[in-house]
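Enquirer: Here it is, the structure in full.
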Amino acid sequence: MPELERLRAGHAPAVLAFELANRAWFAASVPDRGDAFFDRFPDRFDALLAEQEAGVCAFHVLVDEDGSVLGRFNLVDIEDRAAELGYRVAEHAAGRGLATATVGDLCRLAAGTYGLRTLRAATTHGNVASRRVLVKAGFVAVGPAAPEHLGGKPGTWFRRDLTAGGERPDTPAAGRVPGGS
């Protein structure tokens, strides 16, 4: 069963393999990370860990039983008990409900472990699957997202209240979420 794990240094090879294997798939619906991301991956990965250590972000990977990364689920720009949610799932894992379940898990983690009250997420109008994931996970559309925020594509901002009444216990769990592993 896949497990959501907090990003750590040992994940680097699996995260790079995940990003490389799914680059074209991701580029069809989200802005491409660009060649520089891959050329400088070790430095970029270390920077992510430093941001996480500073408490401004919380990065997670959904790890399959074989150790491969099935998805990345991140809370970025953590401030004033709010954060932006970002996620991506491997092409071969798409359509199985993993994104919806894991976003639900991350919402519970955001509230319970990180003490967040609000999450926001933006997606392009053309990314129907991502929009569906957000709605199933309890997010509601709150307004337009500027194209410059989404790689030049128009989109929508979504929001989810994590305070009492904002949790959805009916969201299935993708797996156990260990604290720091």
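What follows is calculated from the coordinates using simple rules that are stated; it is not laboratory data. Computed from a predicted structure; not experimentally measured. Counting neighbours? That spans all protein chains shown, and the Cβs are built from the backbone with ideal geometry, glycine included.
Enquirer: Which of Asp39, Asp64, Asp161 moves the most in a Gaussian network model of the chain with Cα springs under 10 Å?
Expert: So, out of Asp39, Asp64, Asp161, the one fluctuating most is Asp39.
Enquirer: While we're here: Springs between alpha-carbon pairs under 10 angstrom, Gaussian network model over the chain: which of Arg23, Arg40, Arg131 fluctuates most?
Expert: Most flexible of the set in this elastic network: Arg40.
Enquirer: Counting Lys +1, Arg +1, Asp -1, Glu -1, what net charge surrounds Arg33 among other residues with beta carbon under 13 Å of its beta carbon?
Expert: Working: positive: Arg23, Arg40, Arg44, Arg72, Arg88; negative: Glu19, Asp32, Asp35, Asp39.
With Lys, Arg at +1 and Asp, Glu at -1, the neighbours total +1.
Enquirer: Please work out the ratio of the alpha-carbon Rg of the chain to 2.2 N^0.38 Å and round it to two decimals. Walk me through the intermediate numbers first.
Expert: Details: Rg = 15.3 Å, N = 181, 2.2 N^0.38 = 15.9 Å.
Expressed relative to 2.2 N^0.38 Å, the Cα Rg reads 0.96.
Enquirer: Hey, rough spin-label estimate for Val56 and His149, points 7 angstrom out along Cα→Cβ, what's it come to in nanometres?
Expert: Each label point is offset 7 Å from its Cα along the Cβ direction, giving 1.8 nm.
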